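The values are calculated or read from the model by the stated rules, or taken from the named source; none is laboratory data. Everything quoted here is computed from the prediction, not taken from an experiment. In this analysis, Cβ positions are derived from the backbone assuming ideal geometry, glycine residues included, and neighbour counts consider all displayed protein chains.
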Amino acid sequence: MQHQLVHAIESALGWDGPAPMGSAFTRGQIPDLSLLPRLLTPTRLFDTVMRRSLSNPQFRVFQNGRELHPGEYFTDTVTRRGQGIRFANMTRLAALLREGCTLVLDELDFFDATMEAACRALQWWSHELVQVNAYLTTQEAAGFALHWDDHDVVIVQMAGEKSWEVRGPSRPVPMYRDAEPNNTPPEKAVWTGTLRAGDVMHIPRGHWHQATRTDRGEGYSLHLTFGFVKRTGVNWLTWLADQCRRDEVFRTDLYRWGPAQAQADQAAGLVSATARLMEQFSPAAFLTAREQERPAARHVQSAGLFGPPASLVCVTEFPPLLALDGDHVTVTATGKRLTFHGKALPALRMFLSGAPVDIEQAGIETGIDTGGLADILIREGLCAELTDELRSGYTGLVPPALSSNEP
């Protein structure tokens, strides 16, 4: 999937692909600032907060160095049928913003079609799961205290200014669940400075950092933090533990009361079987299986109730795998393996490109019945019909899919 945000991040950080992620602190600037308001504006974020039924901790407010109680910015109401609904009190939020505070909305991609498409593009690019959090800080409000994240992040300053301090790690590749605590930051800073609209910063996992507007005066800052959750050896071993259920030797009860020799023989058998298992199910096999088995993101499914869909887009979390074998083409994604006639390959490439596709036009360009093919891909959950809101998340950011009649 081609997406302007992916190209902008690569250009800003001097990357040619995602390989440098996690290796070192990096910063730069997006060349085309017109991309920023297309992605998100403060007013659109505020509108999202108003129109969604949010809850803490997904939506939080911080002021004077402390997290406010949800009762200070949420209002609970009861409908005439007795249903309780919680929503953000916009009058109270406006007052807090005037005073100076920080609004945090986690997983904005769950509510906003533009952020959904952006995160999907970043996932296809990085082959890692991605979520985006939005941070709106006003006046001279402080941000979070010095801390580290257990995942790599790419920060894009959308509007305004914010002062940052970044330090190196105090423990190599720390984890959320770890063998020892990681509570003491290094004294030396890697970088201190101000992020302004269009600035991009990559902070690897474990690097300590903090941001504030205490020295900025009146105004505001809006930035997006894209979190990339990479897989580790721990994740591989966890997956490997599930694979061992295939083998009877692992399903057998451990000898607790038997003869010492029987216990030793069982232990040796387990060690030997583990070595074979690790060779058979390598880390590379784990990463491949993870991508191919990951369910697709939630999407609208009208089942044709409102007429046949005119357009669709691929909604798998990672790029589907297409393999041509003689007269047939196999598509692997979302834990499914679908087989089609080889002549469908040009249309499949379009439909599974990650870009929105007009179904009728795709039929004209490829010369096959794309309506029937589209129905299968939508029914199997690899693609979704393009609603008006979902279309808005791609328009001007993702170029149209190119057609090709080449095998």
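Quick notes on this one:
- Among the numbered conditions (1) at pLDDT 95 or above; (2) under 29 Å from the mean Cα position of the chain (by Cα), the only one that A344 does not meet is (2).
- Selection within the range 174-202 - among the β-branched types (V, I, T) and either without any contact (Cβ under 8 Å) to a residue 40 or more places away in the chain or part of a loop (DSSP other than H, G, I, E, B) (or both): T184, T192, T194
- For first residues located in the range 1-22 and under 14 Å from V153 (Cα atoms), partners that are part of a loop (DSSP other than H, G, I, E, B) and hydrophobic (A, V, I, L, M, F, W, C) and lie 6+ apart or on another chain with Cβ distances below 6 Å do not occur.
- A19 meets the stated requirement of being under 20 Å from the mean Cα position of the chain (by Cα) and of a type in the set (A, V, I, L, M, F, W, C).
- Residue in the range 223-231 that is in contact with a Phe, Trp or Tyr (Cβ under 9 Å, 6 or more places away or on another chain), under 28 Å from D150 (Cα atoms), among the basic types (K, R) and surrounded by 15 or more Cβ atoms within 10 Å (Cβ to Cβ) present: yes
- Single condition F281 does not satisfy, out of (1) over 26 Å from L122 (Cα atoms); (2) touching a helix residue (DSSP H, G or I) at 6+ places or on another chain (Cβ under 8 Å); (3) modelled with pLDDT of 95 or more; (4) surrounded by fewer than 17 Cβ atoms within 10 Å (Cβ to Cβ): (4)
- If you check R256, R251, R294 for being among the basic types (K, R), touching a residue at least 12 places away in the same chain (Cβ under 8 Å) and not assigned by TED's automatic domain parsing to the domain that holds D112, only one passes: R294.
- Among the residues listed as R171, R205, R216, the single one being outside any strand (DSSP E or B), in contact with an Asp or Glu (Cβ under 9 Å, 6 or more places away or on another chain) and modelled with pLDDT of 95 or more: R205
- Just one residue in the set F87, F144 is part of a strand (DSSP E or B) and surrounded by fewer than 21 Cβ atoms within 10 Å (Cβ to Cβ); that residue is F87.
- Near pairs, Cβ below 7 angstrom, 6+ apart or cross-chain, from the range 60-81 (aromatic (F, W, Y)) to any residue that is not in a strand (DSSP E or B): F62/L68; F62/C101; Y73/N89; Y73/R92; Y73/L93; Y73/L96; F74/N89
- Considering residues of the range 28-50 that are in a loop (DSSP other than H, G, I, E, B) and among the polar types (S, T, N, Q) only, the residue surrounded by the fewest Cβ atoms within 10 Å (Cβ to Cβ): S34
- Within the range 357-394, the residues that satisfy the criterion of being touching a helix residue (DSSP H, G or I) at 6+ places or on another chain (Cβ under 9 Å), within 21 Å of F111 (Cα to Cα) and either part of a loop (DSSP other than H, G, I, E, B) or without any contact (Cβ under 8 Å) to a residue 60 or more places away in the chain (or both) are L382, T387, G393, Y394.
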